[in-house]
Amino acid sequence: MNEKLSGRTCKHCELLTIPGEPFACERCGALREELVDTECDSAGEVRAIAVVHRHARKEPETPFTIVEVELDAGPVIRAQLVGPDLDLASIGSRVVGTRIEGRVAMTLESEKRS
Amino acid sequence: MTRNLLADRGAYVVGIGLHRYQRRSDKSYVELGLEAVRAALGDAFGDPVEAWPNVEVAITGTALLGMAPSRVMLARLGASGLAIHQVENASASGSTAVAQAALSVSSGQTDVALAVGLDKPEAWRVAASSAGIPSLEGGLVAPFTHFALLASRYQREFGVSDEEIARVAFKNHRNGAKNPYAHRQKERTIEEIMQDPISGSLTRLQCCPVGEGAAAVVVASADAIEKFGLDPARCPRIIGSVSRSQGFLEPGADADSALTVDTARRVFEQARVGPSDIDVLEVHDAFSVEELFYLEAMGFCGSGEAARLLAEGAWDIGGRCAVSPSGGLLSMGHPLGPTGTGQIVEIARQLRGEAGPRQQPEARYGVAHMVGLGAVCVMHILERGQP
């Protein structure tokens, strides 16, 4: 149902990064060994949205929609918004993670079937 | 305690030159650069070839040209053996070249330094994209989409319409139409500007053209102004020069504005002036909405007020502060390396009172502001020359 997002949490300052920080903590400088793999719930709220009409690559086909989401778990992520009723999405919409061609994307929560 | 070298020995813009910003052509970067450098030397000293041995160091700001571009160009003025550096600082490369020239002169290391901004739109190779740092969206968020996302939040928060944002491009095209060095030299109607969507509310004419060109600035000491008999009234003084990079911010913070807030606070403090003193501003308007963000971040007005003030004419030539009188990145263009150096050219022209149909009346203080990928921010403040 609710796609889990994989990230890493810094043992020192508790900064959660998604995707997981590969080198060292950007807030406190803690080394990679101090960053712990973490699974994070993908539910959150749209805080910014843009319909993209031009894109350098062929995939995905334009127009497509990008959302910036504040996850309930804290981090802010950006991903493609997918699903049948994209026109209904706006700032404040509830969204949840899904997977499309191996990538993480978001979809409107109301459309998510259990 | 650090010293403010710009307040002590000082550094002055004594010569300015440009090669028009334009679409990519077959012209060699050597020819592009030499045209701007000769113009700047001629502007400062008269005969460029005669003046060339006076220049002790040259710094070329370029993002795309590759290794060692400068000597092959500058040797065509007569190889003088001067010190040569290249600086790469993304979109702020040309601003950083000016900052380094100002540092060289104000520190007393040299009396005459040359900053050149130069690029051709060759293949981009961005180090961070091969750094091995994963991204969730997988490259779907181009810079125009990044700013379209920020615009959507700003518009929601402050009730700003698509057309109010498009008016930035309307103003800047009107300014650029009067600039013979601009990439886009055509006035546009608001209807034309709002056609051809790219991402979110941003349309083609609200995104800057990236072409080729060159800009050059000769920076000199007060001693050099006297020694070479230059007219001090035509030599604006650099009173602020600050370079910063993005600090850590909590998730979701507005990183772009925060970086400009930090840089602006420091440069205004260094120059001992404030936003209300500024008559002309060249701002990083790569995308129309950025001009509004940065006006607010620099303290020219309160949060959410820039669009209303734009509509009232506050940022027009002749208004409270002329913003992007050159046409800005949107109309003058953004050939990367030249852009930041070219901003100093425009500010100096304005402070001399030589900007012709683009002249802001009685301009005394000017600010140049560039942001670069990474992110970095470089700002300069210039004061009119004293006769």
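Cα centroids of the stretch B:307-384 and the stretch A:58-73: 35 Å apart. Placing dummy labels 7 Å off each Cα toward the beta-carbon, the span from A:Lys11 to B:Asp277 is 5.2 nm. Considering only B:Pro325, B:Phe268, B:Leu292, the residue lying farthest towards the positive end of the dipole of the stretch B:257-357 is B:Phe268, judged by Cα position with unit charges set on Cβ.
Given +1 at the Cβ of Lys and Arg, -1 at the Cβ of Asp and Glu and no other charges, the dipole of the protein assembly as shown around its Cα centre is 980 debye to the nearest 20. Note on A:Lys58: aspartates and glutamates with a C-alpha under 20 Å away, same-chain residues under 8 apart excluded, are A:Glu101, B:Glu137, B:Asp196. Among B:Lys186, B:Lys178, a tally of other beta-carbon atoms within 10 Å of each Cβ gives an order, fewest to most, of B:Lys186, B:Lys178. Counting only other chain Cβ atoms within 10 Å of each residue's Cβ, the peptide A:91-104 averages 1. Remark: mean inter-chain Cβ contacts per residue of B:138-144 equal 6, using a 10 Å Cβ-Cβ cutoff to other protein chain atoms. Applying D = kT/(6 pi eta Rh) to the stretch B:205-362, where Rh is the Kirkwood radius over alpha-carbon pairs, T corresponds to 4 °C and eta to 1.567 mPa s, the Stokes-Einstein value obtained is 77 µm²/s. Straight-line reach from B:Lys171: which lysines fall under 25 Å, measuring Cα to Cα and dropping same-chain residues less than 8 apart? Within the straight-line limit of under 25 Å, B:Lys171 reaches these lysines: B:Lys186. Within 10 Å of the Cβ of each residue in B:311-321, the mean number of Cβ atoms contributed by other protein chains is 0. What the phi angles of the stretch B:66-72 give under the Karplus curve with 6.51, -1.76 and 1.60, with θ = phi - 60°, is a coupling list of x, 5, 6, x, 6, 5, 4 Hz, glycine and proline written as x. Amide H to amide H, with H built 1.01 Å from N, A:Glu3 comes under 5 Å of A:Gly97, counting only residues 5 or more places away or on other chains.
Look at where the Cα atoms of the stretch B:164-217 and of the stretch B:235-270 average out, and the two centres are 25 Å apart. Report the residues of the stretch B:353-370 in range of a label on B:Asp231: point 7 Å along Cα→C-beta, backbone N strictly under 19 Å from it. So the set is B:353-365. The alpha-carbon of B:Lys227 sits under 18 angstrom from the alpha-carbons of these aspartates and glutamates, leaving out residues fewer than 8 places away in its chain: B:Asp43, B:Asp47, B:Glu50, B:Glu56, B:Asp111.
Think of it this way: in chain A, A:Cys40 stand alone, with no other Cys Cβ under 4.7 Å. Along the stretch A:31-48 the Karplus relation, 6.51 cos²θ - 1.76 cosθ + 1.60 evaluated at θ = phi - 60°, assigns HN-Hα couplings of 6, 3, 4, 8, 9, 9, 4, 9, 9, 10, 5, 9, 6, x, 10, 5, 10, 7 Hz to successive residues, with x for each Gly and Pro. Between the amide H of B:Ala11 and those of B:Ile238, distances stay under 5 Å, these residues lying 5 or more places away or on another chain, with hydrogens modeled in the peptide plane. Simple spin-label estimate for A:Asp85 and B:Arg204 gives 3.6 nm between the two label positions (7 Å along the Cα-to-Cβ direction from each Cα). Counted without the sites themselves, the longest stretch of chain A free of GluC sites (Glu not before Pro) in a DSSP loop having at most 12 other beta carbon atoms within 10 Å is A:15-60.
Helix B:337-352 against the longest principal axis of chain B: what's the angle in degrees, Cα atoms only, rounded to the nearest 10? Roughly 80 degrees, rounded to the nearest 10. Taken about its Cα centre, chain B carries a charge dipole of roughly 480 debye when the Cβ of each Lys and Arg holds +1 and the Cβ of each Asp and Glu holds -1.
Backbone amide hydrogens, once placed in the peptide plane, bring B:Thr60 within less than 5 Å of B:His85, B:Gln86, B:Val87, B:Val116, excluding anything fewer than 5 places away on its chain.
With each label modelled as a point 7 angstrom along the Cα→C-beta vector, the B:Arg76-B:Thr2 pair spans 3.8 nm.
The phi-based Karplus calculation (6.51 cos²θ - 1.76 cosθ + 1.60; θ = phi - 60°) puts the 3J(HN,Hα) values of the stretch B:271-280 at 7, 6, 9, x, x, 6, 7, 7, 9, 9 Hz, whole numbers, x for Gly and Pro. Taking other Cβ atoms within 10 Å as a rough exposure proxy, A:Thr107, A:Thr65, B:Thr2 sort from fewest to most as B:Thr2, A:Thr65, A:Thr107.
Read-outs: derived from the displayed coordinates by stated rules, not from any lab. All values reported here derive from a predicted model rather than from experimental measurement. Note that each Cβ is placed from the backbone with ideal geometry, even for glycine, and that neighbours are counted across all protein chains shown.
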